Amino acid sequence: MSSEKNFFKQVKASLNKSDFIQKIENKYNSGFPDLIIITETLPLFIELKAPIKGNRIKLEKSQVSTHLRVNKNNYISFILKNDPRTSKAFLFDGYSVANAIVLGQEEPCFVFHGSIAQCIANCNSLAQRKMSIASFSL
């Protein structure tokens with residue numbers, strides 16, 4: 001079983017029973033994040049990364065484009081990277097990573113490191129903050 005498939009199972013197991021998770025398997029429109037999770041806030045667009053070699057986040061051009069478009073439409077996307085040394089994960093802002101790739105900059109720092117459940121809670125918090133700022137500016 002692939003390490004990303006195992007990582008998905010860990011993410012799914014860490015969610016509350018009331019949360020809705022949909023794994024996206026789309027071979028016709030590549031680039032869309034792996035998961036949509038609907039919790040108490042907004043839909044969370046999450047790209048899973050379970051690196052086997054190296055620590056860098058690698059995104060296809062279509063994935064970079066999708067993270068940039070999600071941000072442009074006032075949503076937030078995330079990259080959840082498995083920490084191979086522990087059962088924890090690193091959470092990255094998808095827009096920041098995609099933008100750094102476009103600009104040829106270093107990979108940005110993670111926004112949180114902890115259990116998968118803590119990372120999802122941070123996704124919710126960041127999504128709520130972004131939506132309150134977006135609605136305030138309207």
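The values are calculated or read from the model by the stated rules, or taken from the named source; none is laboratory data. As the structure is a computational prediction, the values presented were derived from the model and not from experiment. For neighbour counting, all protein chains shown are included, and Cβ atoms are generated from backbone atoms with ideal geometry for every residue, glycine included. Accessible surface is based on the protein model in full, side chains and every heavy atom, while ligands, DNA and RNA are left aside. Shrake-Rupley method; radii C 1.70, N 1.55, O 1.52, S 1.80 Å.
Inspect all residues belonging to the stretch 24-34 and state whether any of them is part of a strand (DSSP E or B) and aromatic (Phe, Trp, Tyr). Within the stretch 24-34 (the criterion being part of a strand (DSSP E or B) and aromatic (Phe, Trp, Tyr)), the answer is no, since none of the residues qualifies. Whether a residue is open to solvent by less than 50 Å² (accessible area, probe 1.4 Å), under 17 Å from PHE8 (Cα atoms), of a type in the set (Val, Ile, Thr) and in a strand (DSSP E or B) was assessed, and ILE37 passes this test. Candidates are the residues of the stretch 102-134 that are within 27 Å of ASN6 (Cβ to Cβ) and either of a type in the set (Lys, Arg) or open to solvent by 80 Å² or more (accessible area, probe 1.4 Å) (or both); the one that is modelled with the lowest pLDDT is CYS109. Of SER96, SER14, all but one fail to be hydroxyl-bearing (Ser, Thr, Tyr), more than 26 Å from ILE133 (Cα to Cα) and open to solvent by 30 Å² or more (accessible area, probe 1.4 Å); the exception is SER14.
So which pairs qualify, if the first residue must be in the stretch 104-119 and in a helix (DSSP H, G or I), the second must be polar (S, T, N, Q) and open to solvent by less than 50 Å² (accessible area, probe 1.4 Å), the Cβ gap must be under 7 Å, and the two must be at least 6 apart or on different chains? As it stands, the answer is ILE116/SER14; ALA117/SER14, since those pairs meet every condition given. Taking the conditions exactly as written (touching a residue at least 60 places away in the same chain (Cβ under 8 Å), within 26 Å of ALA13 (Cβ to Cβ) and outside any strand (DSSP E or B)), does SER87 satisfy them or not? When the stated conditions are applied, SER87 passes them.
Residues in the stretch 74-93 that are touching a Cys at 6+ places or on another chain (Cβ under 9 Å) and within 20 Å of ILE133 (Cβ to Cβ): ILE76, PHE78, LEU91, PHE92. Identify the residue in the stretch 8-54 that is small (Gly, Ala, Ser) and more than 14 Å from the chain's Cα centre (by Cα) and, among all such residues, is modelled with the lowest pLDDT. Restricting to residues being small (Gly, Ala, Ser) and more than 14 Å from the chain's Cα centre (by Cα), the top hit is GLY54.
In summary, ILE57 fulfils each of the numbered conditions (1) in contact (Cβ under 8 Å) with a residue 40 or more places away in the chain; (2) over 24 Å from GLN128 (Cα atoms); (3) surrounded by fewer than 18 Cβ atoms within 10 Å (Cβ to Cβ); (4) of a type outside the set (Gly, Ala, Ser) with the single exception of condition (3).
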